[in-house]
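**Q** One structure, pasted below without further comment.
Just so it is clear, none of the values below were taken in a lab; they were calculated from the coordinates. Since this is a predicted model, take the numbers as computed values, not measurements. Counting neighbours? That spans all protein chains shown, and the Cβs are built from the backbone with ideal geometry, glycine included.
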Amino acid sequence: MPLPHVLLSAAVSLDGYLDDTGPERLLLSSPADFDRVDEVRASVDAILVGAGTIRADNPRLLVNSPERRAARVAAGKPEYPLKVTVSGSGDLDPAAKFWHTGGEKIVYTTTEGARRLRAADLAADVVALGPGLDWRALLEHLHDVRGVRRLMVEGGGTVHTQLLRDGLADELHLVLAPLFVGDPDAPRLFGPGPYQGGRLRLVETRAIGDVVLMRYEPTAPGVGGLPSAADRHWLALACELAAQCPPSKTAFSVGAVVVADDGTELARGYSREAGDPVVHAEEAALAKIDPGDPRLAGATVYSSLEPCVRRASRPRPCARLILDAGVRRVVTAWREPDTFVAGADGSGALARAGVDVVVLPEYEGAAMTPNGHLLG
């Protein structure tokens, strides 16, 4: 199921703390950075914080700029983004500012927590996720029921940790403040646990007053049949590569990327690359990797169109090349239509051979665009 684009936003001290243990919230950002945060808030469909952040900081989570709110309304959006919180217990103060400022609110909770929250008569929609909290189900509900396409998450550390560990965070906006906290009892941004491996990709570094903004994207592919945020980044790149293909009236334009399980890009390719009129994208990419590379066994192939299972131009179709390379995970955007091969089912052939195949149909349009001349 499609999920919202999830943006984690946080500010920390030089020694990694979100706050100190004093009665007042420690202001880590600069005035200029608070304005940047306001700009980001105005750009999203929803803002989420955990119940602990509501208890500790009592935030309002508003777009403060009248001009930005007016621009949202002019674009046909609500004046304020939807405000979202998560509480397993349902133990939330009805007097908190969260409920009494801004626009619509929604709280995700457990079956038991929902009973407690509905009894409190909060000015918010209450959605029970079952006996426990399921982040993927929460994000699917936000996307499918509430129409949220971009979600900003402003804390706390437990929420950030869970979303990163589950591979559900598309980007991280981290602001580093020039001070130390030094209190072992103060809250930290990230907790211990089994995070995805690999290095995050640094997208931007920017000084804002006396703080530094760093923007990161995850790179490590998902595991098995569940897509991760990094899967979406890599598949988007494959779709961009498809646009580089020389047009053909007899073959699709396809892009492919091969990525190791730690997020290292092993190779990329696209159809008819380097003047070869019959080379396929997956074939071009795999040809650039040493067949003995041990990373292939844990790698993921991203292809804008499902790998072919039958072809006339070469003895081995791309599905066979993937299997022979030892790759056991494929992420694709578009199932092959009957334009050239009737009943093509590369995804099915790979799945029957034990490969985990993930289809992300939200990228189908991007995969189809360079093939518009073939689709009528």
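**Q** Indicate the gyration tensor shape class of segment 5-217 (rounded, prolate or oblate), computed on the Cα atoms with a ≥ b ≥ c the square roots of the eigenvalues: a/c under 1.5 is rounded; otherwise a/b larger than b/c is prolate and the rest oblate.
**A** Numbers: a/c = 1.41, a/b = 1.22, b/c = 1.15.
Judged from the Cα gyration tensor, segment 5-217 comes out rounded (a/c under 1.5).
**Q** Could I ask something else about it? Which aspartates and glutamates have a Cα less than 18 Å from the Cα of Lys288, not counting those fewer than 8 places away in the same chain?
**A** In chain and number order, the partners are Asp261, Glu265, Glu273, Asp276, Asp324.
**Q** So what J values fall out for segment 364-376 if you push phi through Karplus, 6.51 cos²θ - 1.76 cosθ + 1.60 with θ = phi - 60°, rounded to Hz, Gly and Pro as x?
**A** 4, x, 5, 6, 7, 3, x, 10, x, 5, 8, 9, x
**Q** Can you tell me the orientation of helix 135-144 relative to the chain, as the angle in degrees between its alpha-carbon axis and the longest Cα principal axis, to the nearest 10?
**A** With rounding to tens, the tilt is 80 degrees.
**Q** OK, next. Positive end of the charge dipole of the chain (Lys, Arg +1 and Asp, Glu -1 on Cβ, about the Cα centre): tell me which of Thr21, Leu62, Gly346 has its Cα farthest that way.
**A** Result: Gly346, furthest along the dipole toward the positive end.
**Q** Aspartates and glutamates within cross-link reach of Lys83: Cα-Cα under 18 Å, excluding same-chain residues under 8 positions apart?
**A** Cα-Cα hits under 18 Å: Asp38, Glu39, Asp45, Asp57, Asp91, Asp93, Glu104, Asp121, Asp125, Glu140, Asp144, Glu154.
**Q** Taking the Cα centre of the chain as the origin, how large is its charge dipole in debye, to the nearest 20, when only Lys and Arg (+1) and Asp and Glu (-1) carry charge on their Cβ atoms?
**A** Working: 40 positive and 49 negative charges, 170 e Å.
So the dipole magnitude of the chain works out to roughly 820 debye.
**Q** Also, quick follow-up: Report the percentage of all Cα-Cα pairs in the chain whose separation exceeds 34 Å, rounded to a whole percent. Mind dumping the intermediate values first?
**A** Numbers: 26302 of 70500 pairs.
That fraction is 37 percent.
**Q** Could you work out the Rg to Rh ratio of segment 1-121, with Rh taken as the Kirkwood radius (inverse of the mean 1/r over all Cα pairs)?
**A** Details: Rg = 15.6 Å, Rh = 16.0 Å.
My calculation of the ratio gives 0.98.
**Q** What fraction of the DSSP beta bridges in the chain is antiparallel, stated in percent and rounded to the nearest 5?
**A** 40 percent
**Q** Leu3: net charge of surrounding residues, Cβ under 12 Å, Lys/Arg +1, Asp/Glu -1, itself excluded? Don't jump to the answer; show the numbers that get you there.
**A** Working: positive: Arg136, Arg149, Arg150, Arg232; negative: Glu140, Asp144, Asp166, Asp170, Asp231, Glu362.
Around Leu3, the surrounding residues sum to -2.
**Q** Take the alpha carbon gyration tensor of segment 229-375, find the square roots of its eigenvalues, order them as a ≥ b ≥ c, and report rounded if a/c is under 1.5; if not, report prolate when a/b exceeds b/c, else oblate.
**A** Details: a/c = 1.35, a/b = 1.29, b/c = 1.04.
Judged from the Cα gyration tensor, segment 229-375 comes out rounded (a/c under 1.5).
**Q** Towards the positive end of the charge dipole of the chain, with charges on Cβ (+1 Lys, Arg; -1 Asp, Glu), say which of Leu168, Trp234, Gly102 has the farthest Cα.
**A** Trp234
**Q** Applying a 10 Å radius around every beta-carbon, put 276-284, 191-199 in order of their mean neighbour count, most first. Please report the intermediate quantities before stating the final value.
**A** On the way: 276-284: 22.1, 191-199: 12.6.
In decreasing order of mean packing, 276-284, 191-199 become 276-284, 191-199.
**Q** Would you mind checking which residues have amide H under 5 Å from Asp20's amide H? H placed 1.01 Å from N; only 5 or more apart, or other chain.
**A** Leu26
**Q** Could you state the number of Å between the C-alpha centres of segment 113-160 and segment 34-50?
**A** Measuring centre to centre over Cα atoms gives 17 Å.
**Q** Would you give the gap between the C-alpha center of segment 354-376 and the C-alpha center of segment 273-297, rounded to a whole Å?
**A** Taking the Cα centre of segment 273-297 as reference, the centre of segment 354-376 is 20 Å away.
**Q** By DSSP, what percent of the beta bridges with both residues in segment 229-375 are antiparallel, rounded to the nearest 5? If you can, show how the numbers build up before the last one.
**A** Details: 9 of 17 bridges.
DSSP beta bridges in segment 229-375 are roughly 55 percent antiparallel.
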